[in-house]
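Here, each number is a calculation from the coordinates, and none is a lab measurement. Predicted, not measured: the structure shown is a model, and the values here were computed from it. Quick reminder, even Gly has a Cβ in these numbers, built from the backbone with ideal geometry, and neighbours come from all protein chains shown.
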Amino acid sequence: MIYVDADACPVKPEVETVATRRRVEVRMVANGGLRPSQNPLVQMVYVPDGPDEADKWIAEQAGKGDVVITADIPLAAKAVEAGARVLNHNGEAFTPANIGNKLATRDLMADLRAADPFRQGGGKAFSKSDRSRFLDALDRALNEIKRQGKA
């Protein structure tokens with residue numbers, strides 16, 4: 001199963017394409033506002049409005065043999081702890097080896113933003129190469145799960 005933190009996910013079409021080719025079910029989880037897919041492998045899951053409701057739902061469902069697509073570091077940490085493969089939208093894998101540093105960096109940046117309200121920021125724009133890296137990473141994750149007999 002692939003779980004997608006879908007509200008701000010820029011790779012939903014890519015997930016659907018890979019899932020269709022690989023015959024893997026997908027749950028697109030959002031607070032609403034997303035159009036349902038006609039693809040029988042893709043199910044929309046609408047959670048109540050509220051902070052982190054989609055994250056909570058995914059964290060309760062995901063486990064070994066699943067892939068979680070998210071840029072949310074706390075959700076990634078919970079999914080990694082549950083044994084899921086976790087990918088950022090740019091193809092970067094969140095793993096037991098790197099999730100602690102990712103959480104610490106996230107917390108540090110939040111503290112810096114809180115200390116300087118005029119601090120402007122934001123990441124770089126999502127690129128074609130990010131999209132390509134994501135597709136490769138998703139294929140690799142699904143191959144690894146299949147090789148381990150979990151799919």
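Expressed per residue, the C-alpha convex hull volume of the chain stands at 118 Å³. Put a dot 7 Å past the Cα of S37, heading toward its Cβ, do the same for A93, and the two dots end up 2.2 nm apart. Helical content alone sets the calculated 222 nm signal of the chain at -14000 deg cm²/dmol, taking -39,500 (n - 2.57) per DSSP H segment of four or more residues and averaging over every residue. Remark on V86: its backbone amide H falls under 5 Å from those of V68, F94, a criterion applied only to residues 5 or more positions apart or on other chains, H modelled at 1.01 Å from N. In the structure shown, the pairs K78/K128; K78/K146; K56/K102 are assessed against 26 Å; a Cα-Cα span above that value is assigned to K78/K128. Highest mean packing first, where packing is the average number of other Cβ atoms within 10 Å per residue, the peptides 47-55, 74-82 line up as 74-82, 47-55. Taking every alpha-carbon pair under 8 Å whose residues sit at least 6 apart, region 2-147 reaches a relative contact order of 21 percent. Here each label is just a point 7 Å from Cα along the line to Cβ, and for S132 and K146 those points are 2.3 nm apart.
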